[in-house]
2 protein chains.
Amino acid sequence: MTAGLPLVGILGGMGPAATAEFYAKLIARTPAGRDQDHLRVAIWADPTVPDRVAAVLDGSTDPYPQILSGALKLRDLGATVIAIPCHTAHFFLPNLIEDTATPFVDMVAETASALVGHTGPIALLGTRGTLATGLYQSRLHDLDVVLPSEPAQQEVDRAIAAVKRADPQGAATHLDNALSALNASLTVLACTELPLAARYATTDTELLDPMDLLADAVIRACK
Amino acid sequence: MTAGLPLVGILGGMGPAATAEFYAKLIARTPAGRDQDHLRVAIWADPTVPDRVAAVLDGSTDPYPQILSGALKLRDLGATVIAIPCHTAHFFLPNLIEDTATPFVDMVAETASALVGHTGPIALLGTRGTLATGLYQSRLHDLDVVLPSEPAQQEVDRAIAAVKRADPQGAATHLDNALSALNASLTVLACTELPLAARYATTDTELLDPMDLLADAVIRACK
């Protein structure tokens with residue numbers, strides 16, 4: 001009865017609130033008049049995956065086996081395309097594509113495409129892991145990318161941690177501090193927790209949420 | 001690495017926005033300081049399941065085989081408890097429990113427990129399917145349950161349909177009309193789309209969202 005229909009796999013839990021936010025965005029951005037017009041979705045959300053940032057920065061417990069295990073579950077459920085609403089985890093994307101032989105939508109590549117030709121400074125906010133891997137910087141090398149100073153990064157770290165403990169309002173204060181310090185005309189929220197904080201932020205600056213681009217790419221991939 | 005940990009199965013897609021809302025509630029209501037404190041969750045969201053209300057009311061295409069198929073996928077993933085963020089689908093709960101041999105949390109039973117001893121009229125808003133099955137009325141027979149008149153039910157129908165086409169603001173107008181017509185001191189939002197409309201509603205009345213009780217029961221079941 002559902003043979004031949006696309007199935008979106010969401011490899012989530014990193015973190016959980018960001019996964020729920022991405023799923024809500026995917027639904028809100030799908031052109032649909034009734035339930036039956038919406039995409040079939042399977043979500044595997046395992047928040048017990050070891051800390052991705054720590055692994056990238058100092059080689060502590062490797063999260064990859066547990067991330068791959070989740071991706072294989074989605075593949076086995078019949079996922080025709082998989083999305084990962086976590087920027088830091090995109091570090092493992094090449095391995096996941098090879099080890100699952102399943103198509104993924106690449107949130108970093110979608111964001112880089114959207115920014116082609118942008119003039120003016122672009123602030124890049126993310127985890128220390130995402131920034132240390134150079135995931136974004138390597139694809140945005142033609143652009144004027146501005147990274148946070150150490151004090152601003154500490155505010156970003158605090159904002160992310162506050163969202164993860166279900167305090168997006170408290171997170172917004174830290175995000176506002178980081179945005180004020182960077183003072184760019186465009187800011188990329190390259191950590192999926194940050195858009196949850198941005199709902200309550202008050203700094204007047206243009207924000208780009210790569211989860212929007214990821215959702216739109218998933219919808220295109222399912223057409 | 002995750003052996004012995006609980007796994008929450010969410011049988012969703014009925015509708016999709018309500019599923020995302022329930023997942024967000026489950027996360028927000030879980031006591032957690034970091035990702036790794038959160039529950040492992042698997043979601044199967046198949047919005048192509050045939051219309052549950054039509055099936056209950058006039059015996060059109062039976063959605064049960066497709067609902068059961070989703071529940072079996074969650075069981076096979078290792079779900080230790082399953083939640084269904086759809087009231088109308090609770091009509092099939094006894095069959096699902098028997099056919100999957102997996103524990104479910106019963107949102108209708110949780111709501112009935114929370115209302116024990118309540119005095120004063122309780123308005124019950126839901127789909128025509130939920131109301132026709134008497135799912136709630138049979139468990140609330142000691143209480144003063146008020147059902148919508150036909151014009152008020154039409155407003156409820158419109159509110160639900162608007163949420164399903166991603167228009168919660170438009171839905172709120174219809175929900176406000178229904179709430180004004182019923183004028184009860186407490187209203188049970190016994191359709192999972194209605195809380196999404198209620199965010200934008202302005203009628204001054206106490207609203208009970210059974211999804212909150214479902215989320216809390218899931219968290220207790222995982223302790």
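Here is the size of the stretch A:1-57 from its Cα atoms: Rg then Dmax, 14.4, 47 Å. Using the rule -39500 (n - 2.57) for each DSSP H run of four or more residues, divided by the residues of chain A, the 222 nm mean residue ellipticity is -14000 deg cm²/dmol.
Taking amide H as placed 1.01 Å from N in the peptide plane, the amide H of B:ILE82 sits under 5 Å from that of B:GLY9, B:PHE104, B:VAL105, each at least 5 places away or on another chain.
The rotation axis that maps chain A onto chain B passes nearest to the beta carbon of this chain A residue, listed with its distance in whole angstrom: A:ILE43, 2. Could you work out how far apart the two model spin labels at B:THR202 and A:CYS222 are, taking each label as a point 7 Å from the Cα in the direction of the beta carbon, and quote it in nm? About 3.5 nm, to one decimal.
Selection among A:ALA215, A:THR127, A:MET14 by position relative to the dipole of chain A gives A:ALA215 as farthest towards the positive end (Cβ unit charges, Cα centre).
A point 7 Å from Cα along Cα→Cβ stands in for B:PRO65, and the other copies hold the same point at 4.2 nm, listed in rising order. By the Cα gyration tensor, chain A has an equivalent ellipsoid whose semi-axes, rounded to whole angstrom, run 28, 20, 17 from largest to smallest. Only Lys, Arg, Asp and Glu carry charge here, each on its Cβ (+1 for the first two, -1 for the last two); on that basis chain B has a dipole of about 580 debye about its Cα centre. Over the stretch B:109-210, the Kirkwood radius and the radius of gyration, each from Cα atoms, give a ratio Rg/Rh of 0.94. Of interest is the spacing of the C-alpha centroids, which for the stretch B:52-127 and the stretch A:96-172 amounts to 40 Å. Spacing of the modelled spin labels on A:LEU57 and B:GLN154, each 7 Å from Cα toward Cβ, amounts to 6.1 nm. Could you tell me what % of all Cα pairs in the protein assembly as shown have separations over 35 Å? Summing the P(r) of the protein assembly as shown above 35 Å gives 30 percent of all pairs. Counting only Cβ charges, +1 for Lys and Arg and -1 for Asp and Glu, the dipole size of the protein assembly as shown around its Cα centre is about 500 debye. Under 19 Å from a label point set 7 Å out along the Cα-to-Cβ vector of B:LEU147, the amide N atoms of the stretch B:76-96 belong to B:87-92. Note on B:SER113 and A:ALA114: their simple-model spin labels are 4.3 nm apart, each label 7 Å out from Cα toward Cβ.
Over the protein assembly as shown, accessible surface divided per residue gives 38 Å², non-protein components excluded, 1.4 Å probe. Counting only residues at least eight positions apart within a chain, or on another chain, the lysines with an alpha carbon under 29 Å from that of A:LYS164 are A:LYS25, A:LYS73, B:LYS25, B:LYS73, B:LYS164, B:LYS223.
Calculate the dipole size of the stretch A:30-108 relative to its Cα centre from +1 charges on Lys and Arg beta carbons and -1 charges on Asp and Glu beta carbons; express the result in debye to the nearest 20.
240 debye
May I ask for the angle, rounded to the nearest 10°, between helix A:16-29 and the longest principal axis of chain A, with both axes built from Cα atoms and the value confined to 0 to 90°? Between helix and principal axis, roughly 70 degrees. Close amide H contacts of A:GLY12 (hydrogens built in the peptide plane, cut-off under 5 Å, sequence separation of 5 or more or a different chain): A:TRP44, A:ALA45, A:ASP46. For the segment B:47-58, counting C-beta atoms of other chains within 10 Å of every residue's C-beta and taking the mean gives 3.
The values are calculated or read from the model by the stated rules, or taken from the named source; none is laboratory data. These figures come from a predicted structure and were not determined experimentally. Here the Cβ is made from the backbone with ideal geometry for all residues, glycine too, and neighbour counts use every protein chain on show. Ligands, DNA and RNA are stripped out before the accessible areas are found, and what is left, the full protein with its side chains, is counted by its heavy atoms. Shrake-Rupley method; radii C 1.70, N 1.55, O 1.52, S 1.80 Å.
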